[in-house]
C-alpha cells in the first residue's frame, strides 16, 4: 500500500474479510488517479466496511455481483448517511476485481431482438466502413430505432416489404415535430441506413433517393464571432498563477489561434506535440489527421502547463481533469463549459457561448486581414470548400464593391 495512504486508524481491520487482498491494489489505484489523502481514507474505510459485510453475510469474492453490491448499499444506507460517490466506489471496486482477474467477466446475455441486431450492425458499419464519429452515430440511432419500431413493431423485420411511401410517410409525420436542423439530421440518418441496407443486399430499390429533403438553408445566417479585443479580453482574465488558470489559458489559446474544435482539444495527447519541429497533430472529424505549425505563444503555454501542472497519470491525454480521478475530459461539453465560464468572467455577452465561437472568430479575422478563403479552408481543415464560403458573408468591405446602386438612393 502506498505510504501516502498509511493511517493507524485503518489498520489492521482494513485488510480483514474477503476483500482484504485487494486493499493494496485499490490504494495504489487511488494514488495513481490523484485522490486526496482525505478522500482516499474515506474510500478505504468504505472498502473495509464492504469486506466486513460480505464476511458477516458469508459471501466470498466469487459471489459478488452488481445485485449483491446494490444489496450492500441499501444495508449501508440504513447505517450511514448516503454519500454522493457511494455508487462510484462500488463501480471502481468491481472494475478492479475484473481487471485483476480476481472476478471473471460474465458474458453479456445474447441479444434476442432482431431489431437491436440490425441497429448494432448499422452502428458498426458507420464506425468501421464510413469512419463516422461516436457523436454522429449516437445522433443517428434514435431515428433508426423509431423508424423500425413504427414500420415493423413486434413483427419480424422484412426489409423487402419496404416501399417509398413508407419512407415518405415517416418523414412527413416527424419532420414538423423537430427543428429544421434536427429534421435534416433525421433524413441524413435514414439515407445512410437505406444505403447500408442496399449495400448488404437487404433491399434492391434505392430507398435513399426516396427520402424527402428538408428546407434548411445552410448559409441563411451569419457566423457569430468576437471582436479581436474581446478575444484578448478573454485571454487576459485568466489567472496564470494557478494550475486551473494555466490549463484553461492553454486550451482557449488553442481555440483562438488555431481554430480547433472542442472534440479535437479533448483528443489531444502528449504524442501529438512535436517540439523539435514546432508542429502539432490534430485528429479531426471522421478520423482525419492533420499537422499544423505550433505558434510560439501556444508552445510556451503548453510547456508551462506540462511542466508545472499536468499530474503524473496513466493516460496520455494532454489535458487532464483537476479533480480525481485524474483522466482526460470525457467529451466536448467540458471545453465549451470552460469557454462559457471564461466569457462570463470577462464580462462578454457573447451571441453563442461555446467553443466553436473562437473558430468562427479566427476565420473572420483572417478574412479581414486579407487571407483567401482557400487559406482559411486549409487552416480550419474543412472537408468541403462550401463550408468556408460562409465567411464571405462577413467581408462587408468586399461585398460593398459588388452592391448595385439602389434606384432613387444617394447619388
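Quick notes
- Residue 334 vs. criteria in the same structural domain as residue 254 (by TED's automatic domain parsing), over 16 Å from residue 255 (Cα atoms) and surrounded by 15 or more Cβ atoms within 10 Å (Cβ to Cβ): no
- Region 131-157: number of residues that are part of a helix (DSSP H, G or I) and at pLDDT 90 or above: 13
- Taking region 294-318 as the range and being within 30 Å of residue 124 (Cβ to Cβ) and in contact with a strand residue (DSSP E or B) (Cβ under 9 Å, 6 or more places away or on another chain) as the test, the residues that pass are 315, 316, 317, 318.
- Just so you know, in region 286-300 the residues that are in contact with a helix residue (DSSP H, G or I) (Cβ under 8 Å, 6 or more places away or on another chain) and not in a loop (DSSP other than H, G, I, E, B) include one that is farthest from residue 251 (Cα to Cα), and it is 292.
Residue by residue, here is whether (1) over 16 Å from residue 340 (Cβ atoms); (2) modelled with pLDDT of 90 or more holds:
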| position | (1), (2) |
| --- | --- |
| 213 | yes, no |
| 224 | no, no |
| 227 | yes, no |
| 233 | no, yes |
| 254 | yes, yes |
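- Condition met for residue 303 (free of Cβ contacts under 8 Å to residues at least 60 places away in the same chain and within 12 Å of residue 248 (Cα to Cα)): no
- All conditions but one from (1) in contact with a helix residue (DSSP H, G or I) (Cβ under 9 Å, 6 or more places away or on another chain); (2) in the same structural domain as residue 171 (by TED's automatic domain parsing); (3) over 23 Å from residue 174 (Cβ atoms) apply to residue 94; the one that does not is (2).
- Helices (runs of 4 or more DSSP H) completely within region 158-272 that count 3 or more residues being free of Cβ contacts under 8 Å to residues at least 60 places away in the same chain and either out of contact with any strand residue (DSSP E or B) (no Cβ under 6 Å at 6 or more places or on another chain) or not assigned by TED's automatic domain parsing to the domain that holds residue 299 (or both): 164-174, 180-200, 228-236, 243-258
- Boolean, residue 145 is under 30 Å from residue 264 (Cβ atoms) and in contact (Cβ under 8 Å) with a residue 12 or more places away in the chain: yes
- Per this entry, residue 82 is not counted among residues that are in a loop (DSSP other than H, G, I, E, B) and not assigned by TED's automatic domain parsing to the domain that holds residue 14.
- Criterion violated by residue 291 - all others in (1) touching a residue at least 40 places away in the same chain (Cβ under 8 Å); (2) touching a strand residue (DSSP E or B) at 6+ places or on another chain (Cβ under 7 Å) satisfied: (1)
- Members of region 328-356 found to be assigned to a loop (DSSP other than H, G, I, E, B) and either at pLDDT 90 or above or closer than 27 Å to residue 228 by Cβ (or both), listed by number: 329, 332, 346, 347, 348, 349, 350, 351, 352, 353, 354, 355
- Verdict on residue 32 being out of contact with any helix residue (DSSP H, G or I) (no Cβ under 8 Å at 6 or more places or on another chain) and closer than 30 Å to residue 316 by Cβ: yes
- Residue 316 meets the conditions (1) surrounded by 15 or more Cβ atoms within 10 Å (Cβ to Cβ); (2) in contact with a helix residue (DSSP H, G or I) (Cβ under 6 Å, 6 or more places away or on another chain) in every case but one. The failed one is (1).
The values are calculated or read from the model by the stated rules, or taken from the named source; none is laboratory data. Keep in mind that what you see is a predicted model, and the values were worked out from it rather than measured. Heads up, the Cβs are rebuilt from the backbone with ideal geometry, glycines too, and the neighbour counts pull from every protein chain shown.
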